[in-house]
1. State whether one or more residues within the stretch B:341-353 are modelled with pLDDT under 95, farther than 21 Å from B:THR305 by Cα and not in a helix (DSSP H, G or I).
2. Is it the case that B:TRP542 is crowded, with 21+ Cβ neighbours inside 10 Å and away from chain A (no Cβ under 14 Å)?
3. Taking the options B:GLY532, B:GLY537, name whichever one is at positive phi and touching a residue at least 12 places away in the same chain (Cβ under 8 Å).
4. Can you spot a residue in the stretch B:446-454 that is on the phi > 0 side of the Ramachandran plot, surrounded by fewer than 24 Cβ atoms within 10 Å (Cβ to Cβ), away from chain A (no Cβ under 14 Å) and not in a helix (DSSP H, G or I)?
5. Consider the stretch B:370-388. How many of its residues are facing chain A (nearest Cβ under 8 Å) and either surrounded by fewer than 24 Cβ atoms within 10 Å (Cβ to Cβ) or not in a helix (DSSP H, G or I) (or both)?
6. From the set of residues in the stretch B:344-366 that are among the hydrophobic types (A, V, I, L, M, F, W, C) and more than 8 Å from chain A (Cβ to nearest Cβ), which is surrounded by the most Cβ atoms within 10 Å (Cβ to Cβ)?
7. More than 30 Å from A:HIS204 (Cβ to Cβ), within 25 Å of the chain's Cα centre (by Cα) and more than 14 Å from every other protein chain (Cβ to nearest Cβ): is that true of B:TRP535 in this structure?
8. Just for the stretch A:232-265: of the residues that are of a type in the set (A, V, I, L, M, F, W, C) and within 14 Å of chain B (Cβ to nearest Cβ), which one is nearest to A:ALA201 (Cα to Cα)?
Amino acid sequence: MLLLGQLAGCGRAQLQPAGPISAAERKILLDSIVIMLAIVIPTIIATLGVAWWFRSSNPRARRQPDFVYSGRVELIVWSIPALVIIFLGGIAWIGSHDLDPAQPLPAKAAPLDIQVVSLDWKWLFIYPKLGIASVNRLVVPAGVPLHLVLTSASVWNVFWVPQLGSMLYCMSGMAGTLYLEADHPGVYRGESAMISGDGFADMHFDTEAVRRSQFDAWVASTRSAGPALDDAAYRELLHQSVPPHPYTYRAVRPGLFADIVMLKLPPGDGPRGGVANVQPVGLR
Amino acid sequence: MTLLGRLTWQAIPFHEPLPLFSGLGVLITVVAILAWVVAKGYVPYLWREWITSVDHKRIGVMYCILASVMLLRGFIDAIMMRTQQVMAYDAPGFLPPSHFDQVFSAHGTIMIFFVAMPFVIGLMNLVVPLQLGVRDVAFPTLNSVSFWLTAAGALLVNLSLVIGEFDRMGWLPYPPLSELRYSPGVGVDYYCWSLQISGVGTLMTGINFVTTILKLRAPGMHYTRMPMFCWTALASNLLIVAAFPVLTATLAMLLLDRYVGFHFFTDTAGGNSMMFMNLIWAWGHPEVYILALPAFGIYSEVVSTFSCKPLFGYRSMIYATMAICIISFMVWLHHFFTMGAGADVNSIFGIASMIIAVPTGVKIFNWLFTMYGGYVRFRTPMLWSIGFIVTFAIGGLTGVLLAVPPADFQLHNSLFLVAHFHNVIIGAVIFGAFAGYTYWFPKAFGFVLDERLGKWAFWLWLIGFWVAWGPGYVLGLEGMTRRLQHYDVAEWHPWLVVAEGGVVIILLGIIAQIAQIVVSVRTREQRRDVTGDPWDGRNLEWATASPPPAFNFAVLPDVTDQEPYWDMKARAREIGQLTRPEPRYEPIHMPRNSPTGFVTAFLAVVTGFALIWHIWWLVLLGLAGAYATFVVFAWRDHDEELIPAEEVARIDRANRAARSAALQHRQLRRETQRESAE
Amino acid sequence: MSAPTTALRTGRDPYHIGHAPAAGVPEYTGHGAGGPAPKRIVVGYGFWIFILSDVILFSCFFATYTVLIHARNGGPGPQEIFDLHGTALETACLLLSSFACGLTSLAVARRNLLWSEIFLAVTGLLGAAFIGLEVHEFYGLVARGDGPTRSAFLTSFFALVGCHGAHVTAGLLWLGTMMAQFPAKGFKASIRHRYLCFSLFWHALDIIWIGIFTVVYLIGKITP
């Protein structure tokens, strides 16, 4: 019943999809709930009803103290859950294959490549083809498939933009592939879904889906100002810190992401590297 | 190298008033209790009757006491977390991240390892040998060692409150965050060593109970006559034996990484952190069923007793239990669908996880049909059971939902997941523990708990749970991830306030439970259970006195039926007298008390503490002490003592007389009823 | 009157937990309906289950070894570090030690103190020789800079083989205790049960070593 209430309430995140992946996942989520509720609600009602009707003080109940086995009942109690699970298993199988994070989206346009690096405690988004990078702010064109490659430069994190869809682990020394797409312009909250240390609670970012023309303007303005992301600048990022504002890099050293994944650049140095002067909110 | 290793005054949190004062408060309470015990002269009694006891009933009671005390500790953590999240909307709250992270880690660790585990193991200790109709477990001294090692682990976890820190990355320390590079402090070491120590205890419990259930049963008790609780205990202990070595190995690898620079899970030199994930969940998922299966067994006993009917579909229940036992080893990957293992792997593990829902669903239907046609009595244990079925049906639903990989992609590590496992751990395991506690309390102590306060506790817990964790589901669907020390999303705040209200309701439930104990103890003379059978029970634990004598049964019962005690009672009612004539009493050998467990645990605490703080001389001393204990234990000649036949006869005759009187009384009442009906 | 004498007089297994067999029930087997099993069976059975759990512990280390075998971090692989001659000698020591352990079992069954002690000593010496060879191998590797901290592969190798070595060392401690107990306590039931467990443990370590010899050393020699 609570579940029904919350469905009616309709949260702002996963249940308000802004892209094809999250829309498909919401459909699977709601379908599965409805299928199971069809069994669970009658079971709960039957449990309460049977318990109440056969209360010892009810003179009208027909007692059958020897009713301890019935082949017919056994058949039903094994087959009902089994059938539900066969049905749901089908949904899981098809859904897993259709919505595999590494599955490219049907291309309306060429996908935009983005390399995601989780750091202590910030997100670095590299646009390899555009040669720019952004920290704690992901700007993407709406209506264009996003080809995200994820890694971590320190501990594990989970990249998650609930309104766009699937989350995926960012792991050091590995690169995960995730395809997402934003249908409409808007600002969607992105976060890390896995504890990564003291600054974890501040490890969120805004995903801004904008029109193509606005995106191009953003790229142009980013290229024209700000620092460049070379190895020295990257080493600064490795210190544990929470940047107070998002910012961008006008240029990125080519091959930086590959070097991070291949561990040619050192991983984050943890608390022993000293905490940069920017403290997490909670530490202030 | 210093004499005290890494231990310095900085380990005491003088600059953090909250842990300092709470630690001091606990310390003063413990010292006060100890002083009171010493002053009252209870020490010899406690030493003789409890600390060195190898009696499975005493050990079971001590397990349950440990679990209850730790439940309070873990619950205080829960209150702190909920309060922090209420206060921390766009604000730092009262717990800094370093402290908040320790609080949720300690909460999870304590609730699983030192509340749920000891509670179910305690109830198994108390009940399984009685239900099997035997005098003790297979290895009584080992049983005592198991308990004391568990207590040693719990002590180490609590020590981290005042000396040093606890782990800060949740109840499972995922590398690389748990590696030395990112967690140089002692927190992870406290976690690993306390779990290694208690884990050894749990493993020995598993070995002990598998052997007990398979090799020590009353004559005539075939496998298909074993009570359901024994079956689930068997399944649970088989899982312990098969899963806990994996935990031991995994934590050993992490410790090797941290202490001597190995590279199992590091992010450098070729270490593989995904391997930790696979190993820890190869233990972690069976662990869920180690807890849940005995709880299912308790519900089976309770529903059958309070419906005055045998369990419906007994064999079906056995198949379901063993199916869960086996499948639980094949589903671990569902804890990390979002690692990107690929569609085939994900869907195979997803479907395997869903398959567990089939035997579980069968169990629910079988409990339903057990009530069907019975005389359902709404005593407190029965209320917990019905509350469980309703709560667990929803928890199972969300569990199957999380097993659908594409749905999990949007729910994993969110509060939806957290709400789900609280739904099943509280709704199944904790409710089950409370049902079992109320149900078997008279067996352990000889008097029945207060019903009115018990029902209050039930309703407060049930409502409190849903008020606390219903919002968890909503928050998960609103994209709130777990373990957030603060947040700035306005929509989350009201739900977190509601959840805090739920915690307050649960707190009232806990107060009701404490009041229930106090009231019941004070009025125990009115609540005496003289016959040993307060609920009109069906299995052998009710066939002996409450509390049972040290030897449980003067003569081992002959089992001729699936519900041996019900069968005996039915025949006794037919012939109007006890079925068995007074037996020829013989002297009984019982295992002697032994301080081995207590000494081992003491040495384990010392060694563990020394390892955490790198005090190497003390480590060597502790290990040498452990070996010396082993030799001394191996050297003793008299490990049994004899209870003389007269003593056995005296105890048994008293119980026979009480039962005989009760039988006459019931007979009389039935005849009166019949006459008045005519 | 002490417990064992009562038991001797009545001819019962003094270590049972349970009651004497009723008339018509010849022997409690512990299978199904027979009633509680005698202590000998219970102890052996419990120890078997412990060994199974230990095998699972080892299987975790085997699994990590096979996962990490190619994670060399620029360091040596199995072909470069294994010396099959030394390992063959180790294997011979351990197998002969198990044989001696079997001979001890026969001597214990005949209640022969002298031969029990001699064979136990042989078992222990061969076990100690095994440990010595293993320590030698480890020392050589560490001295060359190929210690467990060099790479994940070496980590898993040292952990797996070292875990077995630690078990053998613990077994040697136990063996020493048993050698002291036979003369001090005689061949009473509890000591014999303990020896039964020890021999199970010792043979199990042998079986695990065969696994290590095959998976680590033999297959390692043909692993690129």
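1. The answer is yes; a qualifying residue exists.
2. Yes, satisfied.
3. Result: B:GLY532 is the single residue among B:GLY532, B:GLY537 that is at positive phi and touching a residue at least 12 places away in the same chain (Cβ under 8 Å).
4. Within the stretch B:446-454 (the criterion being on the phi > 0 side of the Ramachandran plot, surrounded by fewer than 24 Cβ atoms within 10 Å (Cβ to Cβ), away from chain A (no Cβ under 14 Å) and not in a helix (DSSP H, G or I)), the answer is yes, since at least one residue qualifies.
5. Here the count works out to 7.
6. So the residue we want is B:ILE356.
7. no
8. A:VAL242
The values are calculated or read from the model by the stated rules, or taken from the named source; none is laboratory data. Values in this document were obtained by computation on a predicted structure and should not be read as measured data. Every residue, glycine as well, gets a Cβ built from its backbone with ideal geometry; the counts of neighbours run over all protein chains shown.
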